[in-house]
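Here the structure comes first, spelled out in structure tokens, and everything after it is commentary.
The values are calculated or read from the model by the stated rules, or taken from the named source; none is laboratory data. None of the values given here were measured: they were computed from a predicted structure. Using ideal geometry, Cβ is built from the backbone for each residue, glycine included, and neighbour counts are taken over all protein chains shown.
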Amino acid sequence: MAKTRTFQDKLKKDKDARLCPVCGTAMTAVRAVRPEVHPTKGSWRFRDQIVIVCKCNHKEIYG
Ligand SMILES: [Zn+2]
């Protein structure tokens, strides 16, 4: 929680209130952890990545 807030604060500092050119809503950076199969080992692992969320992909990210 704290980490996410820190990241968003940093992002806000860099680019204040970026709006999506498609839907016009504010784009938010969220940290998403996705399960992923290792290409050679075939085992599952979790990949941590930052995704930008707006109305366009909100459904995809949050289900
Ligand atoms: Zn959008």
### Task
Kindly list the number of the only condition in (1) away from the ligand (no atom under 11 Å from the Cβ); (2) modelled with pLDDT under 90 that fails for ARG18.
(1)
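One line per residue, one yes/no per condition, for (1) at pLDDT 65 or above; (2) outside any helix (DSSP H, G or I); (3) within 16 Å of the ligand (Cβ to nearest atom):
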| position | (1), (2), (3) |
| --- | --- |
| GLN8 | yes, no, no |
| LYS13 | no, no, no |
| CYS23 | yes, yes, yes |
| ARG31 | yes, yes, no |
| PRO35 | yes, yes, no |
| ARG45 | yes, yes, no |
| ASP48 | yes, yes, no |
